[in-house]
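Presented below is the structure to which this report refers.
Every number here is computed from the coordinates shown, using simple stated rules; none is lab data. This is a predicted model, so every value here is computed, not measured. Methodologically, a virtual Cβ is constructed for each residue, glycine included, from the backbone with ideal geometry; neighbour enumeration extends over all protein chains shown.
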Amino acid sequence: MTSTIESGPLPDIDPAISRRAYELDRKHVFHSWSAQDLLDPMVISAAEGSHVWDGDGNKYLDFSSQLVNTNIGHQHPAVVSAIAAQATKLCTIAPSYANDARSEAARLIAERTPGELDKVFFTNGGADANEHAVRMARLHTRRHKVLSAYRSYHGGTQLAVNLTGDPRRWPSDNGSTGTVHFFPPYLYRSAFHATTQEEESQRALAHLEQLISMEGPSTIAALILESIPGTAGIYMPPPGYFEGVRELCTRFGIVLIADEVMAGFGRTGKWFAVEHFDVVPDLLTFAKGVNSGYVPLGGVAISPEIAATFGQRTYPGGLTYSGHPLATAAAVATINAMEDERIVQHAATLGETVIGPALSAFAERHRSVGDVRGVGVFWAIELVRNRESREPLAPYGGSSPEMNQLVAACKSRGLLPFANFNRIHVVPPCNTSVADTKAGLAILDEVLEIADGFAA
Ligand code: PLP
């Protein structure tokens, strides 16, 4: 029997409105990261919790959390009514004024970030958070270079895309001097010929230390690292790695920026992924889960030392919408609801008791599964044509007809997956029910049988 998502109560969807949305989109909307003429976007007409409905009223379980941002699910009533209440009260105000929504959001974030990252600079999203973090680090250290990892994503703006360590950087790899990339640990495809996590950790740290000495420690302002890399493949830092990076940064006076844009706000079963490693960065960037993207918001949480640099000296940066009332009111409601409903703990439990065990079983049963890894509601299934050679089911930086077929097979069964290169990520909202999570995993199990047909 084929698994599909139960249709459930149908929201009021008018197919004529959906058709018009599609036609106008094709005529006027220019989409991100795409060849425009090749697109065929699904119309989403309604969403609730972990589900969305397309323009014809078909229901899907959202195992992507869109772009891994709806940590609290769609249309959470507390967040929706907080936005509505804030809209009635005050829609917008310039950043130079104090405002209760912004102040309260900053307090709630500062209380949850590790160590004493007690000041928050608000941005509109993740890329500009990383841009500002680097600017702060450069002005604080009076140095210029920034180190970042291959197999990373830090955003689509000019500096952020130059920091990025994936193929999205290549067409724009020209606008930013002083970004230097290093190999992060990734045992499954080790750049260091390591055979154990411990070896991988030590060798990746030795490589980083050597790179720092070759680049000149006194020239390096910052090192930016996703605490657990997301889109690049959710590869978990091996024991001691993050702590070792912290030690190198401290030893050489380099500002450590933890990019928690995707991994933060409950995704890994903790408020922030750095908590898995007992590391306090100097700057922590966030976006996405801070308010589940209901209104665009990002930011930088800042250490006392770096904040003090700009105590008497002007910070030369800002945004018209820094700390926008609608966005920060949504953040306040999101964080409070996550606390009240124990959503972060739920994400941890889903990882430990449902997703982790299911994915381990997939790795046993399906010859197309090369590796599975993750934590909380942040998991990757790496698909291969051959387990011995580890040849990926799609090349690095590309797709393949086989991967496209698997994505289509998920959708035809009512599951929206997150796919990248040769991987399918299991990244549902943090508050997805156990039953829905199991239903989604049952669909993936079937789709992996199709994948097995592509593997030797
Ligand atoms: N950093 C990480 C780790 C991300 O995953 C993303 C987006 O996916 C960004 C930064 C960029 O965030 P935004 O798209 O909000 O600019």
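Spacing of the modelled spin labels on Glu341 and Arg387, each 7 Å from Cα toward Cβ, amounts to 3.9 nm. The length gained on full extension between Met42 and Asp278, counted as 0.36 nm times the residue separation minus their Cα-Cα distance, comes to 80.8 nm.
Coupling constants for region 337-347 follow from the phi torsions by the Karplus curve (6.51 cos²θ - 1.76 cosθ + 1.60, θ = phi - 60°), and in residue order they are 5, 4, 5, 4, 9, 6, 6, 5, 5, 4, 4 Hz; glycine and proline get x. Under 5 Å from the amide H of His51 lie the amide H atoms of Asp62, His74, each residue being 5 or more positions distant or on a separate chain, with H modelled from the backbone and absent for Pro and chain starts. For region 48-57, putting each phi into the Karplus relation 6.51 cos²θ - 1.76 cosθ + 1.60 with θ = phi - 60° gives couplings of 7, x, 9, 10, 10, 10, 7, x, 9, x Hz, in residue order, rounded to whole numbers and with x for Gly and Pro. Here the simple spin-label model places points 7 Å from the Cα toward Cβ, and for Glu199 and Ser360 these points are separated by 2.4 nm. What shape does region 107-209 have by the C-alpha gyration tensor, where a ≥ b ≥ c are the square roots of the eigenvalues, rounded means a/c under 1.5, and otherwise prolate means a/b greater than b/c and oblate the rest? Since a/c reaches 1.5 but b/c is at least a/b, the shape of region 107-209 is classed as oblate. The Cβ shell under 11 Å around Ala456 holds other residues with a net charge of 0, Lys and Arg each +1, Asp and Glu each -1. Fewest neighbouring Cβ atoms within 10 Å first, the residues Phe362, Phe30 line up as Phe30, Phe362.
Compared with the direct C-alpha span, the chain from Ala98 to Ser32 gains 20.3 nm at full extension, assuming 0.36 nm per residue. When the listed pairs Lys270/Lys411; Lys411/Lys438; Lys59/Lys411 are checked against a 20 Å cut-off, the alpha-carbon distance exceeds it for Lys270/Lys411.
Cα centroids of region 244-272 and region 349-385: 24 Å apart. With the convex hull of the Cα atoms taken as the outline of region 77-340, the averaged projected area works out to 13.8 nm². Each other residue within a Cβ distance under 11 Å of Pro296 adds +1 if Lys or Arg and -1 if Asp or Glu, for a net charge of 0.
Could you tell me what percent of the DSSP beta bridges with both partners in region 77-340 are antiparallel, to the nearest 5? About 35 percent, rounded to the nearest 5. Computed from backbone phi, the HN-Hα couplings of region 80-96 come to 4, 6, 5, 5, 4, 5, 5, 5, 5, 7, 6, 6, 8, 7, 5, x, 6 Hz, rounded to whole numbers (Karplus: 6.51 cos²θ - 1.76 cosθ + 1.60, θ = phi - 60°; Gly and Pro given as x).
Note on the chain: Rg/Rh from C-alpha atoms, Kirkwood Rh, equals 0.96.
Check which residues have an amide H placed less than 5 Å from Gly298's amide H, if you skip close sequence neighbours. For Gly298, the qualifying residues are Thr123, Asn124, Gly125. Taking a Cβ cut-off of under 11 Å around Arg423, the surrounding Lys, Arg, Asp and Glu residues balance to a net charge of -1, with basic ones at +1 and acidic ones at -1. For Arg385, the amide hydrogen comes within under 5 Å of the amide hydrogens of Glu391, Leu393, counting only partners 5 or more places away or on other chains and with H modelled in the peptide plane.
For Lys145, a cut-off of 23 angstrom between C-alpha atoms picks up no lysines at all, skipping any fewer than 8 places away in its own chain.
Note on the chain: with charges restricted to the Cβ of Lys and Arg (+1) and Asp and Glu (-1), its dipole about the Cα centre is near 960 debye.
Of the residues Ile44, His31, Pro395, the one whose Cα sits farthest towards the positive end of the charge dipole of the chain is His31 (charges of +1 on Lys and Arg Cβ, -1 on Asp and Glu Cβ, taken about the Cα centre). A simple spin-label model places the labels of Ile13 and Leu67 2.4 nm from each other, with each point 7 Å out along Cα-to-Cβ. Given their separation in residues at 0.36 nm each and the Cα-Cα distance between them, Lys438 and Thr320 gain 38.1 nm when the chain is fully extended.
Taking a ≥ b ≥ c as the square roots of the eigenvalues of the Cα gyration tensor, region 241-355 is classed as oblate, since a/c reaches at least 1.5 and a/b does not exceed b/c. Assuming a ≥ b ≥ c are the square roots of the Cα gyration tensor eigenvalues, decide whether region 127-274 counts as rounded (a/c under 1.5), prolate (otherwise, with a/b larger than b/c) or oblate. Rounded shape, in that the Cα axes give a/c under 1.5.
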